[in-house]
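**Student:** I'd like to ask some things about the structure below.
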Amino acid sequence: MALPVSPLAPAAFPTLPPIPGVRLAVTNSGIRYKGRDDLLLAVLDEGTTVAGVLTKSLTCSAPVVMCRDSLKGGTARALVVNAGNANAFTGKAGDVTTRTTIETAAGIAGCDPLAVFTASTGVIGQPLAPDAIARSLGGLADTLANTSAVWEAAARAIMTTDTFPKGSVRTAEIGGTTVTISGFCKGSGMIAPDMATMLGFLFTDAAIPAPALQAMLSALTERTFNSLTVDGDTSTSDTVLLFATGKAGNPVVTDAADPALADFRRALEEVMRDLSHQIVRDGEGATKFVTIDVVGADSDAAAKRIALTIANSPLVKTAIAGEDANWGRIVMAVGKAGERAERDLLKISVGGTLICADGMEVPGYDEAPVAAHMKGKEIDILVDIGLGNGKATVWTCDLTHGYIDINGSYRS
């Protein structure tokens, strides 16, 4: 049964323009879902470079393991993504299924199997037949297309408990040449930063060598996909891949730090941040989008750890769900984060209203504006540690009974 669309969802899916050098097709594989597409095949033109960030989970899926090997080559010709079964913790059978999928896709794309990337999402621990995915790929070869409609269909095909498809697009200039970056992702639950916390696929027509792509993607992941959390749980399948077809014909820049790539980095970060926010807005059962800014910490890393501790606190998240301005729970989370904090230097503001300072509630504190802010859909929390220059921003959502409803019946 389809879940109701999140109240935090965007008004509409953006129009993702065709990216030259990319062709997509979707279908229903029959693995789990009925009446909807759940399998994506992308075929990429020769010369496409690739970068990726993958989960650090020690119980990662077979597709993650094989993607890690393929990334060493720096080139890509095909991508296969299925929803409904994570092909994780499925033993040697999972390896066979992934290899069979890769070999079949390589035959369609006419490439080396090492240029094929796969990703799976869904239930963990349920083995698939060796050809469970591969048997549906042959029929997709004749339906490959590059239209805005198929890009949206691709974003929908990789969804699991997502209530809306997630996409984003930006343009940039490299050496006077306009390039486009389009991306889509899925993610709603089992979301916590330890790489990328979801499946995400980014495509550009820019000509950029794999090492430069990788440097940019890795750096930007830390302040986008790795700065969000829904429930504190890291998936076995987290994968973000960035493909560059080179069809724009821009002057090639080999150093990620080169000023010639500044506008591309800006656009790439905007796409990644937009997709990150959409995942939080689709957090399972979410009714509030929460931005947590921590400043004044000993370091940026310390600030991020404090912010994530606040964001992952069930007590903080349930207070937000209940629209309760219980700022003591934020104090609690700061104190347990394991980073340096001093009572008399700490300041906490919610919705722009300063609540505590000098080791206690500020004199004359009026809870009314904070209570009003808590009733909105966008919640802003600012914590000033007062010790140094470290800062970080993390995004999360509230924790409602809807989260229990969804996860309590996930396999049924």
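The values are calculated or read from the model by the stated rules, or taken from the named source; none is laboratory data. Bear in mind the structure is a predicted one, so any value in this text is a computation, not a measurement. In this analysis, Cβ positions are derived from the backbone assuming ideal geometry, glycine residues included, and neighbour counts consider all displayed protein chains.
**Student:** Restricting the search to the stretch 196-223, which residues are farther than 22 Å from Thr48 by Cα and either over 14 Å from the mean Cα position of the chain (by Cα) or surrounded by fewer than 24 Cβ atoms within 10 Å (Cβ to Cβ) (or both)?
**Tutor:** Result: Glu222, Arg223.
**Student:** While we're looking at this one, here's another question. Quick test of your reading of the structure: Ile292 fulfils all but one of (1) closer than 29 Å to Leu220 by Cα; (2) part of a strand (DSSP E or B); (3) over 23 Å from the mean Cα position of the chain (by Cα). Name the failing condition by number.
**Tutor:** Here Ile292 clears every test but (3).
**Student:** Tally up the residues in the stretch 327-356 that are outside any helix (DSSP H, G or I) and either on the phi > 0 side of the Ramachandran plot or in contact (Cβ under 8 Å) with a residue 12 or more places away in the chain (or both), please. Walk me through it before giving the result.
**Tutor:** Within the stretch 327-356, the subset outside any helix (DSSP H, G or I) is 327, 337-342, 346-356.
With either on the phi > 0 side of the Ramachandran plot or in contact (Cβ under 8 Å) with a residue 12 or more places away in the chain (or both) added as a condition, the list becomes 327, 337-342, 346-353, 355-356.
Qualifying residue count for the region: 17.
**Student:** With respect to Gly232, is the statement that it is at pLDDT below 95 and either over 29 Å from Ala83 (Cβ atoms) or surrounded by fewer than 24 Cβ atoms within 10 Å (Cβ to Cβ) (or both) true?
**Tutor:** yes
**Student:** While we're looking at this one, here's another question. Starting from the stretch 216-237, keep only residues that are in contact (Cβ under 8 Å) with a residue 60 or more places away in the chain and β-branched (Val, Ile, Thr), then list their pairs with residues that are assigned to a helix (DSSP H, G or I) and buried (at least 23 other Cβ atoms within 10 Å of the Cβ) whose Cβ atoms are within a distance under 6 Å, requiring at least 6 positions of separation or different chains.
**Tutor:** Thr229/Ala311
**Student:** Of the conditions (1) over 23 Å from Ser218 (Cα atoms); (2) in contact (Cβ under 8 Å) with a residue 60 or more places away in the chain; (3) of a type outside the set (Asp, Glu), Val50 clears all except one; give me its number.
**Tutor:** Answer for Val50: the failing condition is (1).
**Student:** Would you be able to say whether some residue in the stretch 259-269 is touching a Cys at 6+ places or on another chain (Cβ under 7 Å) and assigned by TED's automatic domain parsing to the domain that holds Leu79? Step through it out loud before you land on a result.
**Tutor:** Kept after step one, since they are touching a Cys at 6+ places or on another chain (Cβ under 7 Å), are these residues of the stretch 259-269: none.
No, there is no match, as no residue in the stretch 259-269 is touching a Cys at 6+ places or on another chain (Cβ under 7 Å) and assigned by TED's automatic domain parsing to the domain that holds Leu79.
**Student:** If I ask for residues that are crowded, with 19+ Cβ neighbours inside 10 Å and in contact with an Asp or Glu (Cβ under 8 Å, 6 or more places away or on another chain), which ones from the stretch 265-293 would you list?
**Tutor:** Asp282, Gly283, Glu284, Gly285, Ala286, Lys288, Phe289, Val290
**Student:** What about Ala155, is it touching a Lys or Arg at 6+ places or on another chain (Cβ under 7 Å) and of a type outside the set (Lys, Arg)? Outline the logic, then answer.
**Tutor:** Details: touching a Lys or Arg at 6+ places or on another chain (Cβ under 7 Å): yes; of a type outside the set (Lys, Arg): yes.
Considered against the rule, which asks whether it is touching a Lys or Arg at 6+ places or on another chain (Cβ under 7 Å) and of a type outside the set (Lys, Arg), Ala155 comes out as yes.
**Student:** Here is a follow-up. Determine whether the stretch 303-326 contains at least one residue that is in contact (Cβ under 8 Å) with a residue 40 or more places away in the chain, in a strand (DSSP E or B), β-branched (Val, Ile, Thr) and not assigned by TED's automatic domain parsing to the domain that holds Gly122.
**Tutor:** There is no residue in the stretch 303-326 that is in contact (Cβ under 8 Å) with a residue 40 or more places away in the chain, in a strand (DSSP E or B), β-branched (Val, Ile, Thr) and not assigned by TED's automatic domain parsing to the domain that holds Gly122.
**Student:** From the set of residues in the stretch 372-401 that are surrounded by fewer than 15 Cβ atoms within 10 Å (Cβ to Cβ) and outside any strand (DSSP E or B), which is modelled with the lowest pLDDT? Let's see the steps before the verdict.
**Tutor:** Keep residues of the stretch 372-401 that are surrounded by fewer than 15 Cβ atoms within 10 Å (Cβ to Cβ), which gives 372, 375-378, 389, 401.
When the remaining residues are screened for being outside any strand (DSSP E or B), the result is 372, 375-377, 389, 401.
Values: Ala372: 98, Lys375: 98, Gly376: 98, Lys377: 98, Asn389: 98, His401: 92.
Looking at residues that are surrounded by fewer than 15 Cβ atoms within 10 Å (Cβ to Cβ) and outside any strand (DSSP E or B), I get His401.
**Student:** Which one of these is within 21 Å of the chain's Cα centre (by Cα), modelled with pLDDT of 95 or more and not acidic (Asp, Glu): Thr55, Thr101, Thr15? Steps first, please.
**Tutor:** Details: Thr55 fails: modelled with pLDDT of 95 or more; Thr101 fails: within 21 Å of the chain's Cα centre (by Cα).
The match here is Thr15.
**Student:** Among the candidates Ala83, Ala106, Ala78, which residue alone is touching an Asp or Glu at 6+ places or on another chain (Cβ under 7 Å), crowded, with 23+ Cβ neighbours inside 10 Å and assigned by TED's automatic domain parsing to the domain that holds Lys34? Walk me through it before giving the result.
**Tutor:** On the way: Ala106 fails: crowded, with 23+ Cβ neighbours inside 10 Å; Ala78 fails: touching an Asp or Glu at 6+ places or on another chain (Cβ under 7 Å).
Sole residue among the options that is touching an Asp or Glu at 6+ places or on another chain (Cβ under 7 Å), crowded, with 23+ Cβ neighbours inside 10 Å and assigned by TED's automatic domain parsing to the domain that holds Lys34: Ala83.
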